[in-house]
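Here's the structure we're looking at; comments come further down.
What follows draws every value from the coordinates through simple rules; no lab data is involved. This is a predicted model, so every value here is computed, not measured. Virtual Cβ from ideal backbone geometry, glycine too; neighbours counted across all protein chains shown.
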Amino acid sequence: MAILPRAFISAIIKSLLRGKSLIGLLFTFWTSTPNALPPPSSTSETTTALPSLTFAEFLAEAEELILGPYATNEDLLGMSAGLRAQFRECLASNGPNMLPSYSYRLPTGRETGRFLSIDMGGTTLRIALVELRGRDVAAGTRVCEVLRTNVLKADATVKGLVGRAFFEWMADRILDTVFIDGERWDGRGSEPLPMALTWSFPIEQTSIKTGLIGPMGKSFCAADGLEGQDLNEVITTACRTKGLEVKLQAILNDSTACLLSQSYADPSTRFGLILGTGSNVAGFLPVSSILRAKYGERSQSWFDEARHVIVNTEVSMYGKDVLPLTRWDKQLKDDHKRPWFQPLEHMCSGMYLGECCRLPLVEAIRRTGIFGGVVPASLEVPYALNTEVLAKVESDDSPDFESSISAFSSLHPSSTTPTPDDMRALKKLASFVARRSSAIIATAVFSLWKLRGELSLEHGEVLLDTSADAREKAGSGDQVEEKERVREALERESRRTTVAFNGAVIENYPGYLEMCQTYLDGLVGKGCKVELAEARDSSLLGAAVAVACESASALA
């Protein structure tokens with residue numbers, strides 16, 4: 001009879017305390033002993049000595065290290081307290097996060113019209129004609145819709161365009177979209193076309209529609225010779241040289257666009273979550289809760305009008321000394337040029353999930369003999385295992401894992417062909433990494449929701465009637481009455497809060513959204529609901545909403 005190793009017995013006890021099935025754990029052990037694994041190869045590829053652990057032992061240890069710190073609601077609440085402390089510190093200091101935008105209005109849902117939206121991302125330019133129809137449309141009719149879109153890859157040639165040449169290329173593509181059979185799509189002749197831009201590159205924003213161009217990176221040369229110049233002027237001039245008059249009314253980032261797009265349809269929306277290659281959250285927070293210096297130079301009239309403002313939290317930059325690290329996380333940081341720049345993102349986003357799995361996988365191959373004990377040469381390269389492969393393996397429920405084996409082998413050829421058991425091992429490790437990511441993202445979202453409630457009480461700001469008459473009436477009572485009014489209003493608002501989301505990981509990774517919502521539900525508890533809602537095409541729709549809000553404000 002096989003003897004269970006002491007380390008495995010310890011792992012079983014810990015797992016049972018968390019409600020795991022003993023039968024399932026023993027099945028994993030019996031089916032993962034060395035006799036069930038192919039023998040290590042002795043090829044010239046990167047190999048190791050005989051396995052020093054069974055895969056069951058390694059798996060139990062990996063689960064404890066990766067998921068153990070996130071096993072209970074109490075664990076996550078403790079991390080949330082740490083994150084909220086960091087959020088507060090950054091709200092009170094003039095650093096690179098918790099950055100207030102110039103957007104202080106959420107849409108009423110009554111804004112209507114057709115608008116031109118542009119989304120300039122890291123690899124793609126998208127130009128769209130968007131129609132906003134209002135929340136009161138007939139049942140079954142979309143409140144907003146992309147009527148026409150032009151999607152263009154920013155290939156090496158485009159990225160190599162220097163300075164204004166790049167923006168003239170953009171202007172040509174805008175013309176291709178706006179004119180249909182020689183006629184402008186809106187039939188307004190030479191009247192300036194209202195437009196908004198979602199810009200995924202560094203910019204020092206100086207108003208809701210202006211900002212100074214920063215270095216773009218990602219191999220783009222467009223900023224060469226234009227750094228410090230106004231992005232609005234550069235784009236409108238480029239369009240004018242092509243015979244098109246445009247009026248750029250809003251420049252925003254992707255998380256702000258995500259929040260605005262969903263809030264147009266759903267008035268309970270207060271946050272916008274981006275989780276794809278990178279991660280970020282925009283939140284609608286009280287203006288008075290943010291250090292005044294973070295606002296830069298703004299007119300007093302802006303502060304007289306604004307009660308809340310959309311804040312770019314840069315949530316990826318938090319989590320140091322709050323989020324527990326495994327030895328593989330530490331290894332990732334040891335090899336990273338900026339190990340503490342984005343602690344949360346290193347454990348959550350699509351850029352890093354593959355690496356979070358590659359490191360323990362390589363160790364498992366060497367120590368347990370899975371994959372024939374052979375580490376494919378390509379798998380030795382940092383970031384060689386991408387998140388897309390993990391998603392494919394996790395979604396594969398076939399007994400033979402044929403498609404997963406084919407996909408993995410094509411990217412990581414080896415003298416030893418992976419077996420279905422090897423794919424099951426990879427799937428298990430990937431599931432640990434993805435589940436941890438969803439727990440962290442849920443905790444970060446919950447922490448921002450909780451913080452918003454605390455700040456609203458502390459600063460007496462909730463989303464009520466914010467007209468001057470209403471504020472004067474509210475201010476006529478004593479402080480006790482006012483505080484109670486705010487508390488009651490906040491309780492009503494907190495019963496349901498929507499978090500808009502966008503991004504390949506949360507949209508497409510198998511089971512990720514459901515795991516994230518489950519963690520959120522556990523953290524929020526009974527009586528309130530924080531609901532994740534997909535905001536598809538949010539960069540385009542949110543830009544249109546921003547234009548509509550500005551146009552409505554100008555007419556008011």
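Observations
- Ascending count of other beta-carbon atoms within 10 Å, so fewest first, for ARG126, ARG358: ARG126, ARG358
- Answer label, with Cα extents along the principal axes in Å calculated from the coordinates and candidates (i) 65, 64, 49; (ii) 115, 52, 47; (iii) 82, 62, 46: (iii)
- Packing, as the average of other Cβ atoms within 10 Å across residues, places the peptides 85-96, 503-514 in the order 503-514, 85-96, highest first.
- With 29 Å as the limit, the listed pairs LYS427/LYS529; LYS392/LYS450; LYS218/LYS294; LYS337/LYS450; LYS153/LYS333; LYS218/LYS242 have LYS427/LYS529; LYS392/LYS450; LYS337/LYS450; LYS153/LYS333 beyond it between alpha carbons.
- Note on the chain: dipole from Cβ charges, positive end direction compared against SER268, ILE235, LEU116; the farthest Cα belongs to SER268.
- Rounded to the nearest 20 debye, dipole of the chain from Cβ charges on Lys, Arg, Asp, Glu: 520
- Peptides 314-327, 429-442 ordered by average Cβ neighbours within 10 Å, highest first: 429-442, 314-327
- Label-to-label distance for ASP181 and THR123 is 3.7 nm, based on points extended 7 Å past Cα in the beta-carbon direction.
- Considering only GLY163, VAL137, THR177, and ranking their Cα positions along the charge dipole of the range 118-179 that arises from unit charges at the beta-carbon of Lys, Arg, Asp and Glu, the one farthest toward the positive end is VAL137.
- If you take all other residues with their beta carbon under 15 Å from the beta carbon of GLY228, and give Lys and Arg +1 and Asp and Glu -1, the sum is -4.
- Scalar couplings 3J(HN,Hα) for the range 89-97, obtained by applying the Karplus form with A = 6.51, B = -1.76, C = 1.60 to θ = phi - 60°, are 4, 6, 5, 9, 10, 8, x, x, 9 Hz; x denotes Gly and Pro.
- Under a model in which nothing but the beta-carbon of Lys, Arg (+1) and Asp, Glu (-1) is charged, the range 217-284 shows a dipole of about 160 debye around its Cα centre.
- Normalised by the number of residues in the chain, the average gap of Cα pairs under 8 Å and 6 or more apart makes the relative contact order 21 percent.
- Against the chain, whose longest principal axis comes from its Cα atoms, helix 420-459 is set at around 40 degrees.
- Sorted by Cβ neighbour density within 10 Å, fewest at the top, the residues MET98, MET351: MET351, MET98
- Unit charges on C-beta of K, R, D, E only; dipole of the range 190-319, Debye: 200
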